[in-house]
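Below you'll find the structure, written out as structure tokens, and then a few comments.
What follows draws every value from the coordinates through simple rules; no lab data is involved. Quick caveat: nothing in here was measured; it's all calculated off a predicted structure. Neighbour counts are summed over all protein chains in view; Cβ atoms, including those assigned to glycine, are modelled from backbone coordinates with ideal geometry.
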Amino acid sequence: MDSQDSPLHKAVRLCLVGTRTEEATARAAEVMERLKDDDWEAALVLLEDLGDDCPQSPEFWGLLADAARLLWLQQEVGWYEWRRSEARNGALRAELCLLPAGEGGRKVPVLPGEVLRPMWDIGQRTPEGELSVSIAFLWLEGRTPLEPGGCAPVRLLPLASEHWRHLKPGDVIIMHEMRPPVGMARVIEVMPPVAAAP
């Protein structure tokens, strides 16, 4: 992967188009140094960090996913594809606390890199006053499994984002996998979609 057309080189150029600050320029130069030294994994990590600090377009995250594929980093491919979806659709970060298994919670932990698709009580009701749940994909942050009864930060990618627009940091939402709740999450951050680079 030594071409100027490699996904990492393209990601650096794309990042600079969308983020013209001294810090971003300096960090992009650091990425280019890593690429010159053929340290592709370090360059990938630096670009991910830059994407964490400055919202990046879906195309940027797609390029990182392509680079991870070329480097055979399958776990990172999944993460960058997730981030691409976040940039395209918007997402939420939340602190999720699962109920203990003995209180009706999950029997198995949520694993890092595993994408769940639970239902959520986000405060909406049907015209008849019944609970109306909405679906959001869930990604556990970090590399430690979330055990039943434990708490951890998660990222939520709503299937129908228009249902979730009323939520703000501090709001509490309830996780369901079947009818009884299995967890409760407090919204930490609402991340809007990121416009594609010009």
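Quick notes on this structure:
- Ratio Rg/Rh, restricted to region 111-183 and using Cα atoms, in which Rh is the Kirkwood radius: 0.97
- Taking a point 7 Å out from the Cα of K107 in the direction of its Cβ, the residues of region 135-165 whose backbone N falls within less than 19 Å of it are 146-150.
- In whole angstrom, region 66-159 maps to an equivalent ellipsoid with semi-axes of 27, 19, 9, each derived as √(5λ) from the alpha carbon gyration tensor and ordered largest first.
- Label-point separation in nm, T21 to L159, each point 7 Å along Cα→Cβ: 3.7 nm
- The value obtained for region 7-88, namely the Cα convex hull volume divided by the number of residues, is 69 Å³ per residue.
- Loop-located trypsin sites (Lys or Arg not before Pro) in region 1-88, at most 10 other Cβ atoms within 10 Å (DSSP): R20
- Approximate spin-label separation L70-A29, in nm, with each point projected 7 Å along Cα-to-Cβ: 2.4 nm
- Note on the chain: Rg/Rh from C-alpha atoms, Kirkwood Rh, equals 1.04.
- Exposed loop sites are taken as GluC sites (Glu not before Pro) in a DSSP loop (any state but H, G, I, E or B) with at most 16 other beta carbon atoms within 10 Å; the longest stretch of the chain without one runs 1-113.
- Residue with peak Gaussian network fluctuation, the chain [Cα springs, cutoff 10 Å], from V154, V108, V182: V108
- Cβ distances below 4.7 Å define possible disulfide partners, and in the chain the cysteines left without one are C15, C54.
- The trypsin sites (Lys or Arg not before Pro) found in region 123-196 that occupy coil by DSSP, while having at most 16 further C-beta atoms within 10 Å, are R143, R165.
- FRET efficiency for A42 and A195, using Cβ-Cβ distance with R0 set to 30 Å, rounded to 0.05: 0.55
- Hz values of 3J(HN,Hα) by residue in region 110-125 - Karplus curve (6.51, -1.76, 1.60), Gly and Pro given as x: 8, 9, x, x, 8, 9, 9, 9, x, 9, 9, 8, 10, x, 9, 10
- Where only DSSP H runs of four or more residues are counted, the chain gives -11500 deg cm²/dmol as its mean residue ellipticity at 222 nm, each run worth -39500 (n - 2.57).
- Applying Stokes-Einstein at 4 °C and 1.567 mPa s to the Kirkwood radius of region 85-128, computed over alpha-carbon pairs, gives a translational diffusion coefficient of 95 µm² s⁻¹.
- Per-pair calculated FRET efficiency, R0 = 30 Å: D5 and V115 via Cβ, rounded to 0.05: 0.45
- Within the straight-line cut-off of under 27 Å between alpha carbons, the lysines reachable from K10 are K36, sequence neighbours fewer than 8 places apart in one chain being disregarded.
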